[in-house]
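Below is one structure; the comments refer to it alone.
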Amino acid sequence: MSDPTWRRHLRPTLAALSIYDVAPSRAPSRLHANECPEPWPLEVREAIAGVVRELELNRYPHTSGQTLRRVLGERHGCDPDRIVLGNGSDEIISMLLTALSGGPEAGHLVIPSPTFVLYAHAARVLGVDVRAVPLTDALELDEAAMRGALDGAAICFLARPNNPTSSLWDAELIHALVRDHPDTVFVIDEAYADYNPGCSLFNPDGPDNQVHMATLSKIGLAALRVGYCIATPELARALNKVRHPYNVSQTSIAIAEIALTRFADVQAQMIATTIANRGRLVELLRRLPDAEVFPAHGNLVLVRFPDDARAHEVRDRLAAVGVHVKDVTGVPMLGGCLRISVGTDEDLDRLASGLGL
Ligand SMILES: Cc1ncc(COP(=O)(O)O)c(C=O)c1O
């Protein structure tokens, strides 16, 4: 007899999944979450406080964040109606998977591996079949294996630059995959693209099976939870049917607008400082004789040590001086690896002292 309790109604796909959880860190140098490490100056925070004070907290925001979509439309040179906002790009990932699954053909998801963990997690919640294609040893896309897996795929997420590897996959190969698989939606996730100026593949007149996805989380506004995608009008309409109304709060909309318009130059400086500090972080890590530092294109650096034990020793030495980094030794293909987000000057001084550099 079937389980007589409410449990029998639980979606069976949930049983094998774990909760995506990141324990809060109190470390003085938090280099484990790929945030922008530079703080906003006091004068900006004061201007934001003024904007927040004037909010009509008793009123609903616009159902789809129209004013922020206009700001983003100008930034990207596209019709704001093609832009869909999410409560972080995490929500966009779920909306895309919901909209593009459940059809009669049950198309699968293709992702390179390793990549951002939430693509597979969100797909598995919905029961979408996930085909993970291992990267090459150089952490590049494996063209033949990708082409094989893409046959019959409904959707493919390509993070560029990628997390956790910080690699920037070949643009020509991605253009070719998009062209040769017109019945698959390719989501180019450019969460970290600001850290590699000029790398964006967004083209307002690009193919209709290519979606641009981005987030404010990595460029100084992680607390707001604002992500977005730019899709063809038809796919944007489908996503808006999936999206909950009012999914982004008026507080987040108002703060995002002022940050992206009035303080765009401050934000650009925060990003430029982080890019410069990435150079310093790479240079510091290269001084460790047994470290292999992979080419870094995001605000994160992947470094490999000869084995997991040595990676753990480095992780623990850094923790002892208050530097929290991400241990990715358990991720397929990343044995012996740590992922270290770029920090401020002070963070990097601390890291250097912890490593005796
Ligand atoms: C590649 C990539 N995409 C998307 C996200 C999610 O960002 P958000 O904070 O907008 O949900 C992350 C977060 O780490 C990421 O690494």
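Assorted remarks:
- Judged by the gyration tensor of its Cα atoms, with axes a ≥ b ≥ c, the stretch 58-260 is prolate; a/c meets the 1.5 cut and a/b is the larger of a/b and b/c.
- Toward the positive end of the charge dipole of the stretch 69-147, with +1 on the Cβ of Lys and Arg and -1 on the Cβ of Asp and Glu, the farthest Cα among 84, 118, 138 is that of 84.
- Sequence-separation-based contact order of the stretch 58-260, relative, with Cα cut under 8 Å and 6+ spacing, percent: 29 percent
- Karplus (6.51, -1.76, 1.60) ³J(HN,Hα), θ = phi - 60°, over the stretch 8-21, in Hz, Gly and Pro reported as x: 5, 8, 5, 4, x, 5, 6, 4, 8, 9, 9, 6, 6, 9
- Applying the criteria of a DSSP loop state and at most 16 other Cβ atoms within 10 Å to the GluC sites (Glu not before Pro) of the stretch 49-148 yields 54, 56, 105, 140.
- Dipole axis of the chain (+1 Lys, Arg; -1 Asp, Glu on Cβ), positive-most option in 232, 209, 247: 247
- For residue 34, nonlocal amide neighbours, meaning residues 5 or more places apart or on other chains whose placed amide H falls under 5 Å from its own, are 341.
- Segment residue 130-residue 265, length gained on full extension (0.36 nm per residue, minus Cα span): 44.5 nm
- Annotation for the stretch 1-70: trypsin sites (Lys or Arg not before Pro) lying in DSSP loop with at most 14 further Cβ atoms inside 10 Å of their Cβ are 26, 59.
- Shape class for the stretch 31-136, computed from the alpha carbon gyration tensor (a ≥ b ≥ c): prolate, with a/c not under 1.5 and a/b above b/c.
- Mean ellipticity per residue at 222 nm, deg cm²/dmol - from DSSP H runs of n ≥ 4 across the chain, formula -39500 (n - 2.57): -11000 deg cm²/dmol
- In this Cβ point-charge picture (+1 for Lys and Arg, -1 for Asp and Glu), the chain has a dipole of about 920 debye about its Cα centre.
- The phi torsions of the stretch 200-214, fed into the Karplus equation with coefficients 6.51, -1.76 and 1.60 and a -60° offset, translate into couplings of 4, 9, 5, 9, x, 9, x, x, 6, 9, 10, 10, 9, 10, 8 Hz, rounded to whole numbers, with Gly and Pro shown as x.
- Placing +1 on the Cβ of every Lys and Arg and -1 on the Cβ of every Asp and Glu, with no other charges, gives the stretch 58-260 a dipole of roughly 900 debye about its Cα centre.
- Cα gyration tensor shape of the stretch 243-349, rounded if a/c is under 1.5, else prolate or oblate by comparing a/b with b/c: prolate
- Kyte-Doolittle mean at least -0.5 and Cα axial length at least 27 Å: DSSP H helices in the chain: 264-286
- Taking all Cα pairs closer than 8 Å and separated by 6 or more residues, the relative contact order of the chain comes to 23 percent.
Each value in this text was obtained by applying a stated rule to the coordinates, not by laboratory testing. It should be emphasised that the depicted structure is a prediction, and the values quoted were computed from it without experimental measurement. Note that we place each Cβ from the backbone using ideal geometry, even for glycine, and neighbour counts take in every protein chain shown.
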